[in-house]
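Here's the structure we're looking at; comments come further down.
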Amino acid sequence: MPALAGIDRRIRVAAEASGRAAADVRLLIATKTVPAQRILPVLAAGYRLIGENRVQEVTEKADELAAVPHELHFIGHLQRNKINQLLPHISCLQTLDSADLAAALHSRLDGDRTLDVLLQVNVSGEASKSGIAPEQIPDLLQALTTYPKLVVRGYMTIGLNSADAAAVQAGYRTLVDWRDRAQQQGMPGAEHAVELSMGMSGDYESAIACGATVVRLGSSVFGARANSPESVVREGPPR
Ligand SMILES: *Cc1c(COP(=O)(O)O)cnc(C)c1O
């Protein structure tokens, strides 16, 4: 995994440059469009956290990937009618963006099963992006206190799609500020909300400098996707 060795090093350097430990930043490997046969060696090399953005791909790859232990986070837009198909496969939904979706998820979690979630926040205000506005964070956190099986671990954002690094970082800092504020003010529902999933192949070092605790990398690991660059911002099947 030559690409991954380089990425590990860059993550460590970026973390240490901002006074953090490399272990404080988790690498999530975005495996969308990548066949299971190419994912398995990555899992076998010890990279155990992967992310998919389409339910159909999750279910298609599940049997093959089951050969190696791993953890799957869903990072795409989730349609209500796909919840039952998805739930057996994931440990975290990174894209929770409404109380309605929370209610639907909660009602489908059996017994004492809990599910980690991140609130997806649209920090750039771009109409093409899913997620709540930052100002809606307190209300959604509050609403989630009704659903104890959903454990809010933090926040996820897809950064501004721009070559202007300062503008992208400003968005990430907005999310850091809200995370800190929710913690400091003890906002209901924010007890465990410390994670910040932000940064992709093009800007992960910059996101780490801002405080990312999870970075989501696809193309820098596997090469450009056949249907990129559109597939980066698209969060689900064509609508
Ligand atoms: C595809 C995807 C990524 C990874 O994008 P790259 O630019 O290939 O690293 C990260 N986050 C989400 C939500 C994605 O859909």
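Full extension of the segment from Thr174 to Ala133, taken as 0.36 nm per residue of separation minus the current Cα-Cα distance, would add 13.7 nm.
Between Arg38 and Ala166, the contour length at 0.36 nm per residue exceeds the Cα-Cα span by 42.6 nm. Separation of region 144-220 and region 20-79, taken as the distance between their Cα centroids, equals 19 angstrom. Are there trypsin sites (Lys or Arg not before Pro) in region 47-135 that DSSP puts in a loop and that have at most 10 other Cβ atoms within 10 Å, and which ones? Taking region 47-135 and a limit of 10 other Cβ atoms within 10 Å, the loop trypsin sites (Lys or Arg not before Pro) found are Arg113. Once both labels are modelled 7 Å past Cα along the beta-carbon direction, what's the Asn81-Ala23 spacing in nm? Result: 4.7 nm between the two label points.
Quick note: the coordinates plus some simple rules give every number you see, no bench work behind them. On a predicted model such as this, the values are computed, not experimentally measured, just so you know. We place every Cβ from the backbone using ideal geometry, glycine too, and count neighbours over all the protein chains shown.
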